[in-house]
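The values are calculated or read from the model by the stated rules, or taken from the named source; none is laboratory data. Nothing here was measured: the structure is a model prediction, and the numbers come from that model. Cβ coordinates were reconstructed from backbone atoms using ideal geometry, including for glycine residues, and neighbour counts include every protein chain displayed. Protein only, heavy atoms only, side chains kept; ligands, DNA and RNA dropped before computing areas. Shrake-Rupley method; radii C 1.70, N 1.55, O 1.52, S 1.80 Å.
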Amino acid sequence: LLVFFHWNWLVLGRPVLDTDTPFFFPLHEEFRRWIARGQSPWWTDSIFCGYPIGPESNAIVLNPFLHFLLRWAGSRAEGFWFHAHSLIAAFSMLACCRRMGCSRPASVLAAWAFALGGIFTNWLHWPNLFAQAAWFPLQLLCVEALMREGNRLGWTAALACASAAQWLAGPHATVLAPYFCLLYALLRLLLAGESGDRGHGWAA
């Protein structure tokens, strides 16, 4: 289903048509040409009357995964970018729901709903926001595991890695992640039962 959903960009190399496509697609094409030449993409004369690519967070110039895709996949790089982050979102949501105690069918349904739902369909023409949102389920999984288990160092490190990957995709939705995790943790504590989870949760 994910391959079918991303078919145009993943297989055909065609960008998603939207009001922002005339800006983002040329920006990434210019970025790709700079990467292919082995140069740093800081300024281009081919967009508008000249445009600074380096400071433009939508270009995601600091993300090593995008650099790899632009070198390897060419014009299909953005398609692989979207597909990879959809997989991250889907499997992270699946694992998170299972850890929360949801049934397997409910977890699968939640994973599909997140990976193919409104957030991703709305942000398909914004590669940076799409990638940032993909890490929310993994962050949620780490917070849930921290409040349930004793391996705090491992799950804290996993949360830090997910947050770092999110920052490499840009700041827009990333700045909301700490508030998102904190709000979930507080709700989780308020709804915790009397089985000892509450005390361990406050410690975590």
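Here are some notes:
- Every residue from region 65-89 that is aromatic (Phe, Trp, Tyr) and open to solvent by 10 Å² or more (accessible area, probe 1.4 Å): Phe65, Phe68, Trp72, Phe80
- Taking residues in region 10-34 that are under 16 Å from His83 (Cα atoms) and modelled with pLDDT of 75 or more, and partners anywhere that are buried (at least 19 other Cβ atoms within 10 Å of the Cβ) and not charged (D, E, K, R), not one pair has Cβ atoms closer than 7 Å while being at least 6 places apart or on different chains.
- Long-range neighbours under 6 Å by Cβ, at least six apart or interchain, first residue free of Cβ contacts under 8 Å to residues at least 12 places away in the same chain within region 161-189, second among the hydroxyl-bearing types (Ser, Thr, Tyr) and open to solvent by less than 20 Å² (accessible area, probe 1.4 Å): Trp167/Thr174
- Residue in region 142-151 that is over 28 Å from Val11 (Cβ atoms), surrounded by 15 or more Cβ atoms within 10 Å (Cβ to Cβ) and of a type in the set (Asp, Glu) present: yes
- Flag for Ser40 being loosely packed, with under 13 Cβ neighbours inside 10 Å and modelled with pLDDT under 70: yes
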